[in-house]
Amino acid sequence: MATSAATPEDTPDDAADPAVDPAVDPVAAAISAVINPLIENEKTIAAGYAERTRLLAELDRLGHEPRIIAGLGGDPVESGRNDPDTGAHGPAWDDEELSRRCMAAEAGGALRLTATTAGIMIFNAARFTRQLPA
């Protein structure tokens, strides 16, 4: 692979030197023609992942809002609240657990993943945005 002779002390005038100018070196120009768009593509993908993380953290935040919890927990069929059959087979989900699972199922459907995988992603996104907000 072609390497540049440029050093940190080089000035813009050094770019006119044919040994440094990639426009004069056809090998460097050919490689740069692919590498530069690849770098831009990687930046776009990273921005997409960052936005997905932000949105998953927002789902976690919504899942803790009392109005969302109340809306999801209000259906006795969904929550199993006051259902003798559900009570006979084990404890019903509490409202926060129901909310967490609903958010994971929604995200899983949107991302074409299992609810379990989406739930893990939501947990990690919330943790990342709290601990590493930048």
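So that you can scan it fast, the table gives a plain yes or no per residue for (1) outside any helix (DSSP H, G or I); (2) aliphatic (A, V, I, L, M); (3) modelled with pLDDT under 95:
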position: Thr86; (1), (2), (3): no, no, yes
position: Trp93; (1), (2), (3): yes, no, yes
position: Ser99; (1), (2), (3): no, no, yes
position: Cys102; (1), (2), (3): no, no, yes
position: Ala125; (1), (2), (3): no, yes, no
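Look at the range 51-65: where a residue is hydroxyl-bearing (Ser, Thr, Tyr) and a partner is in a helix (DSSP H, G or I) and open to solvent by less than 40 Å² (accessible area, probe 1.4 Å), sitting 6+ places away or on another chain with Cβ atoms under 6 Å, you get Thr53/Ala125.
Scanning the range 37-51 for residues that are open to solvent by 90 Å² or more (accessible area, probe 1.4 Å) and not acidic (Asp, Glu) yields Leu38, Lys43, Thr44, Tyr49. The combined condition, being in contact with a Lys or Arg (Cβ under 8 Å, 6 or more places away or on another chain), in a helix (DSSP H, G or I) and hydrophobic (A, V, I, L, M, F, W, C), is not fulfilled by Ala110. Scanning the range 69-84 for residues that are crowded, with 17+ Cβ neighbours inside 10 Å and at pLDDT 80 or above yields Ile69, Leu72.
The values are calculated or read from the model by the stated rules, or taken from the named source; none is laboratory data. Please read all numbers here as calculations on a predicted model, not as lab measurements. Here Cβ is always computed from backbone atoms with ideal geometry, including for glycine, and neighbour counts include all displayed protein chains. For accessibility, only protein heavy atoms count, side chains too; no ligands or nucleic acids. Shrake-Rupley method; radii C 1.70, N 1.55, O 1.52, S 1.80 Å.
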